[in-house]
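Novice: Here it is, the structure, as structure tokens.
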Amino acid sequence: MIVEMKKISRIFGSAYALKDVDFTVGSADGSGEIHALLGENGAGKSTLMNILGGVLPPTSGDIFVDGNKVEITSVKRAKELGIRFVHQELSMFNHLRVYENMFIGEELTKSGLLDQNKMIQMAEETLTNLGININPRTVVGELDMPSKQMIEIARAVRTKSKLIILDEPTSSLTNKEIQALFSIMRNLKEQGVNLIFISHKLPEIMEICEKYTVLRDGSVVGTGLIKDVDENMITDMLVGRKIYRGKVEKPKVPHNPCLQVKDFTLEPYFRNISFELNRGEVLVLTGLRGDGRAQLAEALFGVTKVTSGQMLKDGKPVNLKSIKSIIDSGIGMIQRNRKERSIIPDMSIIDNLSIANYVAKHKKPLINFKEEEERFRKNQAITNIKAANPLNPITSLSGGNQQKVIFSRWLEIDRDIYIMDNPTQGVDVGAKQEIYNIINDLAKKGKSMIVFSEEYPEIYQIADRVLVLYDGSIVAELSRDELSENKVMYYATGSSIRKAANK
Amino acid sequence: MMKMQANLKDREFKLSFADFYSKYGYIISFIVLVFIGLYFNKSFLSINNIMTLLVQASVKGVIAIGLTFAITCGLFDLSLGSQVAFIAGMGVVLYNAIPSIPLTLLFMLAFGCVLGSVNGLLVAHFSMPPFIATLATQAAYRSIITQLGAEGPFEINRAYLEQFRVVATGSLLGIPYMVWIFAIVAALGGLVLNRTKFGKYVTAIGSNANAARLAGINVKGIKTMVYVLTGCMAGLSGFLLTARLTSITAANAGLQFELDGVAAVAIGGSAMSGGRGRILGSFFGILMLQMIESILIAAAVPPFLSGLVKGIIIIVAVLIQDRPSSR
């Protein structure tokens with residue numbers, strides 16, 4: 001099967017998510033291929049695949065399957081054409097059995113009743129054919145992540161899909177599981193099935209794919225055969241030659257560690273993470289999705305427990321028992337995903353600001369409204385919160401102002417070290433700059449910060465030093481002088497690892 | 001720009017209107033009820049009648065105050081009625097052995113704390129859904145006390161009866177003790193919910209438990225304490241009930257108190273999904289339920305239908321309050 005997408009555009013609001021994208025996968029002679037689709041977050045990969053998978057209609061452009069023009073108006077239509085989208089968040093029914101999942105919505109019946117034996121037998125055939133060793137009668141909830149992933153692929157194969165889209169299938173798999181997945185992918189290719197492989201990990205792409213297409217800002221910036229390119233060339237395509245206005249000067253931070261993290265490990269997310277944080281330093285940890293950063297950020301604040309490792313603050317071990325014990329040791333944290341992890345929607349702006357103070361500092365038996373209002377006014381002056389009435393619910397504020405309240409929540413309790421996970425998520429451009437200023441001012445006052453971020457312009461605005469993560473390990477440390485987007489991307493895609501392995 | 005500002009103003013006005021409605025909507029219903037009451041009973045607003053209503057309301061009232069904390073925290077307690085029966089029955093046994101009122105009160109409060117902490121353990125530490133956990137303890141507590149009381153009701157020994165009755169019949173400055181107790185508990189409840197860290201934590205957990213945890217709040221500990229508090233209020237309710245009845249029938253005592261409690265909390269404008277608690281609302285809520293009961297009697301409605309009326313009231317109260325703040 002050959003699928004050609006021609007001049008595909010998609011507009012959200014007034015912005016182009018995709019502009020005149022041409023994308024071809026497969027070949028007319030019926031042999032299969034594994035095609036890598038690359039791009040930074042927001043480059044348009046998901047939009048393009050959603051159009052191909054029938055989730056979204058394109059604003060303009062045509063799709064041809066084996067030379068015939070088709071309209072993919074729904075997921076069902078895509079399936080009829082033999083196109084199957086295996087999403088990163090698996091859509092499995094955990095309380096149902098493997099074969100039931102494989103036949104969901106397409107159950108076989110015999111005289112009005114489910115024909116279980118037939119379904120089990122067919123599921124078994126498909127699984128064996130793919131070399132997957134799982135009993136089709138197993139309840140899916142009892143299986144681990146990789147097995148579920150394999151079932152999802154088997155489900156696609158069973159319905160005779162000719163094109164399977166795999167959206168970052170390896171992000172939660174161990175190396176061994178990845179190899180198992182790859183052998184299934186190769187197996188499928190031999191049988192004439194085409195695969196689109198979305199991944200941020202260049203070593204994997206180099207290993208398994210023969211073609212690639214790179215998207216940047218909604219356009220195709222490169223496509224061709226993998227054997228004609230190397231990691232550096234792909235990195236350049238991913239990043240482009242962007243120029244950043246407003247050069248930011250930051251003085252060197254002297255070596256004076258206030259926090260030492262030693263051998264933090266939580267499999268399969270990250271392992272042997274060790275670093276030092278200096279007083280007055282903004283240390284940025286970056287990488288691409290699936291690198292274990294989210295779990296590392298949580299572990300540093302005691303939200304999840306590490307299996308091994310320790311943390312020293314000013315030379316003394318930090319008690320990692322609970323979030324409260326870490327707060328008490330002098331660490332605060334601004335969480336990612338504000339709506340789910342920070343905002344208390346039914347409470348007022350004042351209460352949302354004061355809540356960490358209640359936890360960490362408030363000692364009097366009663367809360368005094370006057371005091372809390374003064375607390376708000378004081379912080380309003382520092383973080384420039386625009387609010388009509390601080391007794392209004394916090395949800396009455398814009399995203400940027402909500403985030404400033406959350407910043408104030410933690411700045412108010414005056415910790416020495418702040419962990420910030422994606423601190424400008426869901427914040428408009430103006431408020432972003434204000435938040436960068438707050439971060440840089442804090443550093444000047446001697447506060448130390450660990451910022452988790454994946455936006456290079458943001459990293460450039462605040463970082464004194466950058467640690468790049470790949471697949472749960474720190475692969476590079478870049479000082480401010482060495483910092484460039486190409487370098488960050490080179491390490492974040494794991495290219496250095498492959499280089500080393502090849503030598 | 002101008003247009004945007006105008007929109008902003010509209011939004012704020014709407015917000016504050018919704019706020020007012022959910023905060024004080026019950027006062028409108030209260031006034032309506034008073035008029036209906038006056039229609040059936042000319043002396044509805046007499047001091048005597050008001051005091052009777054308040055005394056009757058106080059037994060369930062303290063339950064409603066405790067339940068307000070649980071619901072604000074996103075929890076629930078179906079076992080309160082059974083707790084009341086269990087505690088009251090045991091309290092009578094103790095009082096007959098050692099006829100000291102302060103000791104009996106202390107025991108009932110403490111026993112309530114223990115029963116509540118069992119719920120807390122199940123919900124907070126074993127992560128059971130509150131409905132299931134407290135449904136189980138509801139059955140268990142009632143079963144134990146019914147078995148213990150199989151030979152007849154728990155009755156206060158006649159020799160010490162009068163001094164216990166004083167709790168229900170005595171008054172200070174013309175206001176019955178029971179009303180004092182209810183009013184003080186409600187005032188303290190309001191103070192704790194709105195003016196202490198504990199109250200803020202309870203509200204924060206009910207609103208967004210994840211954010212509360214990430215702000216450093218000990219969510220499990222607070223949930224357990226909420227159940228201890230509701231249990232303690234069940235203990236107080238058991239004490240007041242014993243004083244009023246002087247005889248506790250295990251199978252009936254405190255039956256469906258949780259229903260009246262939930263109805264009161266709903267009428268009072270607390271959010272059933274948690275995050276917004278109104279103690280004063282619950283105070284008026286339970287009072288209104290008592291008024292309705294009294295009106296139903298005055299209007300000669302068959303007593304079996306009072307459950308129907310309460311059911312309808314809960315449905316209406318929740319429908320009204322969730323309109324403006326629907327998220």
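The values are calculated or read from the model by the stated rules, or taken from the named source; none is laboratory data. These numbers were taken from a predicted model, which means no experiment stands behind them. FYI the Cβ positions are ideal-geometry reconstructions off the backbone, even for glycines, and counts take in every protein chain you see.
Novice: Would you mention how many residues in the range B:199-223 are under 15 Å from A:S322 (Cβ atoms), out of contact with any Phe, Trp or Tyr (no Cβ under 6 Å at 6 or more places or on another chain) and more than 8 Å from every other protein chain (Cβ to nearest Cβ)?
Specialist: 3
Novice: I'd like the full set of residues that are more than 13 Å from every other protein chain (Cβ to nearest Cβ), assigned to a loop (DSSP other than H, G, I, E, B), charged (D, E, K, R) and surrounded by fewer than 22 Cβ atoms within 10 Å (Cβ to Cβ), limited to the range A:286-323.
Specialist: Passing the criteria: A:R289, A:K305, A:D314.
Conditions (1) modelled with pLDDT of 90 or more; (2) in the same structural domain as A:D351 (by TED's automatic domain parsing); (3) buried (at least 21 other Cβ atoms within 10 Å of the Cβ); (4) not in a helix (DSSP H, G or I), marked per residue:
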position: A:E374; (1), (2), (3), (4): yes, yes, no, no
position: A:K378; (1), (2), (3), (4): yes, yes, no, no
position: A:I382; (1), (2), (3), (4): no, yes, no, no
position: A:I385; (1), (2), (3), (4): no, yes, yes, yes
position: A:N389; (1), (2), (3), (4): no, yes, no, yes
position: A:T395; (1), (2), (3), (4): no, yes, no, no
position: A:Q403; (1), (2), (3), (4): yes, yes, yes, no
position: A:I406; (1), (2), (3), (4): yes, yes, yes, no
position: A:Q425; (1), (2), (3), (4): no, no, no, yes
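Table: residues versus (1) more than 25 Å from A:N440 (Cβ to Cβ); (2) acidic (D, E); (3) away from every other protein chain (no Cβ under 12 Å).
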{"site": "A:I355", "(1), (2), (3)": "yes, no, no"}
{"site": "A:A360", "(1), (2), (3)": "no, no, no"}
{"site": "A:Q403", "(1), (2), (3)": "no, no, yes"}
{"site": "A:F407", "(1), (2), (3)": "no, no, yes"}
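Novice: Just to be sure, is A:A388 free of Cβ contacts under 8 Å to residues at least 12 places away in the same chain and among the small types (G, A, S)? Write out each step before concluding.
Specialist: Numbers: free of Cβ contacts under 8 Å to residues at least 12 places away in the same chain: yes; among the small types (G, A, S): yes.
Here the answer is yes, as A:A388 does meet what is asked.
Novice: Return the residues of the range A:329-342 that are touching a residue at least 24 places away in the same chain (Cβ under 8 Å) and either outside any loop (DSSP other than H, G, I, E, B) or surrounded by 24 or more Cβ atoms within 10 Å (Cβ to Cβ) (or both); say none if nothing qualifies.
Specialist: Of the range A:329-342, the ones touching a residue at least 24 places away in the same chain (Cβ under 8 Å) are A:330-339, A:342.
Passing the criteria: A:I331, A:G332, A:M333, A:I334, A:Q335, A:R338, A:K339, A:S342.
Novice: Would it be correct to say that B:G269 is buried (at least 24 other Cβ atoms within 10 Å of the Cβ) and either of a type in the set (S, T, Y) or in a loop (DSSP other than H, G, I, E, B) (or both)? Reasoning before the result, please.
Specialist: Working: buried (at least 24 other Cβ atoms within 10 Å of the Cβ): yes; either of a type in the set (S, T, Y) or in a loop (DSSP other than H, G, I, E, B) (or both): yes.
Criteria met by B:G269.
Novice: Consider only pairs whose beta carbons are under 8 Å apart and that are at least six residues apart or on different chains; among these, list those whose first residue lies in the range A:53-75 and is in the same structural domain as A:D22 (by TED's automatic domain parsing) and closer than 18 Å to A:Y16 by Cβ and whose second residue is among the polar types (S, T, N, Q) and part of a loop (DSSP other than H, G, I, E, B).
Specialist: As it stands, the answer is A:P57/A:T73, since those pairs meet every condition given.
Novice: Shifting gears a bit: Just one of the numbered conditions (1) within 13 Å of another protein chain (Cβ to nearest Cβ); (2) assigned to a helix (DSSP H, G or I); (3) within 25 Å of the chain's Cα centre (by Cα); (4) of a type outside the set (S, T, N, Q) is not true of A:I326; which one?
Specialist: Just one mismatch for A:I326, condition (3).
Novice: Can you spot a residue in the range B:267-277 that is away from chain A (no Cβ under 14 Å) and either in contact with a helix residue (DSSP H, G or I) (Cβ under 9 Å, 6 or more places away or on another chain) or on the phi > 0 side of the Ramachandran plot (or both)?
Specialist: In the first step, residues of the range B:267-277 are kept if they are away from chain A (no Cβ under 14 Å); the result is B:267-268.
Subset that is either in contact with a helix residue (DSSP H, G or I) (Cβ under 9 Å, 6 or more places away or on another chain) or on the phi > 0 side of the Ramachandran plot (or both): B:267-268.
Yes.
Novice: In the range A:284-307, how many residues are of a type in the set (K, R) and farther than 18 Å from A:I459 by Cβ? Can you show your working first?
Specialist: Looking only at the range A:284-307, we keep the residues that are of a type in the set (K, R), and these are A:289, A:293, A:305.
Now drop any that are not farther than 18 Å from A:I459 by Cβ, which leaves A:305.
Residues in the range A:284-307 being of a type in the set (K, R) and farther than 18 Å from A:I459 by Cβ: 1 in total.
Novice: Among all residue pairs at least 6 apart or on different chains, which show Cβ distances below 8 Å where the first residue, located in the range A:198-209, is under 14 Å from A:Q179 (Cα atoms) and the second is assigned to a helix (DSSP H, G or I) and of a type in the set (K, R)?
Specialist: A:P203/A:R498; A:M206/A:R498; A:I208/A:R186
Novice: If you take the residues of the range B:155-195 that are assigned to a loop (DSSP other than H, G, I, E, B) and either modelled with pLDDT of 95 or more or surrounded by fewer than 15 Cβ atoms within 10 Å (Cβ to Cβ) (or both), which of them is farthest from the other protein chains (Cβ to nearest Cβ)? Even if it seems obvious, please write down each step before you answer.
Specialist: Looking only at the range B:155-195, we keep the residues that are assigned to a loop (DSSP other than H, G, I, E, B), and these are B:156-157, B:170, B:173-174.
Next cut, either modelled with pLDDT of 95 or more or surrounded by fewer than 15 Cβ atoms within 10 Å (Cβ to Cβ) (or both) only: B:157, B:170, B:173-174.
Numbers: B:N157: 41, B:G170: 31, B:L173: 27, B:G174: 31 Å.
That would be B:N157.
Novice: Turning to a different aspect of this structure: Out of A:N94, A:N41, report the one residue that is surrounded by fewer than 18 Cβ atoms within 10 Å (Cβ to Cβ) and touching a helix residue (DSSP H, G or I) at 6+ places or on another chain (Cβ under 6 Å).
Specialist: Testing whether each residue is surrounded by fewer than 18 Cβ atoms within 10 Å (Cβ to Cβ) and touching a helix residue (DSSP H, G or I) at 6+ places or on another chain (Cβ under 6 Å) leaves just A:N94.
Novice: If a residue counts only when it is touching a residue at least 12 places away in the same chain (Cβ under 8 Å), which helices (runs of 4 or more DSSP H) contained entirely in the range B:196-245 have at least 3 such residues? If you could, list the steps in order and put the result at the bottom.
Specialist: Working: elements: B:197-207, B:209-214, B:219-245.
Here the list reads B:197-207, B:219-245.
Novice: Hey, B:G91 hits all of (1) more than 25 Å from B:V55 (Cβ to Cβ); (2) modelled with pLDDT under 95; (3) assigned to a helix (DSSP H, G or I) but one; which does it fall short on?
Specialist: Answer for B:G91: the failing condition is (1).
Novice: Modelled with pLDDT of 90 or more and either in contact with a strand residue (DSSP E or B) (Cβ under 8 Å, 6 or more places away or on another chain) or not in a loop (DSSP other than H, G, I, E, B) (or both), is that true of A:L188?
Specialist: Numbers: modelled with pLDDT of 90 or more: no; either in contact with a strand residue (DSSP E or B) (Cβ under 8 Å, 6 or more places away or on another chain) or not in a loop (DSSP other than H, G, I, E, B) (or both): yes.
Considered against the rule, which asks whether it is modelled with pLDDT of 90 or more and either in contact with a strand residue (DSSP E or B) (Cβ under 8 Å, 6 or more places away or on another chain) or not in a loop (DSSP other than H, G, I, E, B) (or both), A:L188 comes out as no.
Novice: Inspect the range B:265-275 for any residue being farther than 21 Å from B:V59 by Cβ, free of Cβ contacts under 8 Å to residues at least 12 places away in the same chain and among the aliphatic types (A, V, I, L, M) and give the result as yes or no. Break it down stepwise before answering.
Specialist: Taking the range B:265-275 as the starting set, the residues that turn out to be farther than 21 Å from B:V59 by Cβ are B:269, B:271-275.
If we keep only those that are free of Cβ contacts under 8 Å to residues at least 12 places away in the same chain as well, we get none.
No, the range B:265-275 contains no residue that is farther than 21 Å from B:V59 by Cβ, free of Cβ contacts under 8 Å to residues at least 12 places away in the same chain and among the aliphatic types (A, V, I, L, M).
Novice: While we're here: Any idea which of (1) outside any helix (DSSP H, G or I); (2) under 20 Å from the mean Cα position of the chain (by Cα) is the one B:V123 doesn't satisfy?
Specialist: Every condition holds for B:V123 apart from (1).
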